[in-house]
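Data block below; observations after.
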Amino acid sequence: MTTTTLPSWATTEETCLWLSEKTGSLWNLARMLEGGLTPHVWLDYSVEHSGLFAEGITRYPAPIFFVDDIKRLTDGSADVLMRMTRDSDRISFKLKPPGISQPLDALRFFNRDVAQFAEDILNPKEVIEVPVEIPKGLSKEEIIYLFGGMVKMDLAKSLADAIGIFGDDGARVRKNSRAGKNSYLWNPVTLALGLNDVYRVPMPRLKKAFATLVELKPWKDAWNESLHLLGE
């Protein structure tokens, strides 16, 4: 039984202590990030970054999910550098260089995320779901929203170039044979496996995406089957 109370927005130290008591094993920042737990920093309104704030919003917790920003933290960076985040409307937003810097102790973890993270560790289970019709793929905008923060390259350009895993020999499909050039879709399972294999996107982040994002729910079974075949 845990004796530590986890605040709504917990510090790294508070989160590690709570997880250690809850799971019976030691936790640190790198292990939490590698497991797919999303850190945030509180942002206050500024003219420089006004584009992140919807009307009437002056402060909100901005998530850190860009692969390079997470890697800096797992590698032991002494501060936080955020080069991509989501705005107060939860729309992905690429920041102008050099991005936003924060001290390391500004990191916060949402207690509901942490509680679910611990629950998934302690009680892994297969959820029986009603079969749903699997669409042919996701649009460019949907792919960028779901995976844009995990990759280093300009994902929109890569999708448009349609080379390698982004093309017809990879994850790209058409809506129908008579559709125009803007009707391409991408299979997220094929794309995600390619992102891991070719661009070294961490598998835990991809697993978390397919486990938690409603947009990827139709492909969850196909994703799990692919992982099983790969021995993941």
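A Förster radius of 25 Å combined with the Cβ-Cβ distance from residue 156 to residue 71 puts the calculated FRET efficiency at roughly 0.70.
Entry note, the chain: relative contact order of 17 percent, from Cα contacts under 8 Å with a spacing of 6+ residues.
With a 1.4 Å probe and all protein chains left in place, how much accessible area per residue does the range 1-48 have, in Å²?
Computed with neighbouring chains in place, this is 56 Å² per residue.
Summing +1 for each Lys or Arg and -1 for each Asp or Glu among the other residues whose beta-carbon sits under 15 angstrom from that of residue 76 gives -3.
For residue 221 and residue 120, what is the calculated FRET efficiency with R₀ set at 22 Å and r taken between the beta-carbons, to the nearest 0.05? For residue 221 and residue 120, the calculated efficiency is 0.75.
List the pairs from 157/217; 71/94; 96/140 whose alpha-carbon separation is above 19 Å, in the order I gave them.
Going by Cα-Cα distance, 157/217; 96/140 fall outside the 19 Å limit.
Using only alpha carbon pairs under 8 Å that are at least six residues apart, calculate the relative contact order of the range 21-80 and give it in whole percent.
In percent, rounded to a whole number, it is 38.
Starting from one equal scatterer on each C-alpha and no solvent at all, send me the Debye-based log10 I(q)/I(0) for the chain at q = 0.07, 0.09, 0.14, 0.18 Å⁻¹, two decimals. Here the Debye-derived log intensity ratios amount to -0.26, -0.43, -1.01, -1.44. Between residue 28 and residue 101, the contour length at 0.36 nm per residue exceeds the alpha carbon distance by 24.2 nm.
The values are calculated or read from the model by the stated rules, or taken from the named source; none is laboratory data. Computed from a prediction, not measured in an experiment: that's the story for all the values here. Positions of Cβ are generated from backbone atoms using ideal geometry, with glycine treated the same way; all protein chains shown enter the neighbour counts. Surface accessibility is based on the protein's heavy atoms, side chains included, excluding ligands, DNA and RNA. Shrake-Rupley method; radii C 1.70, N 1.55, O 1.52, S 1.80 Å.
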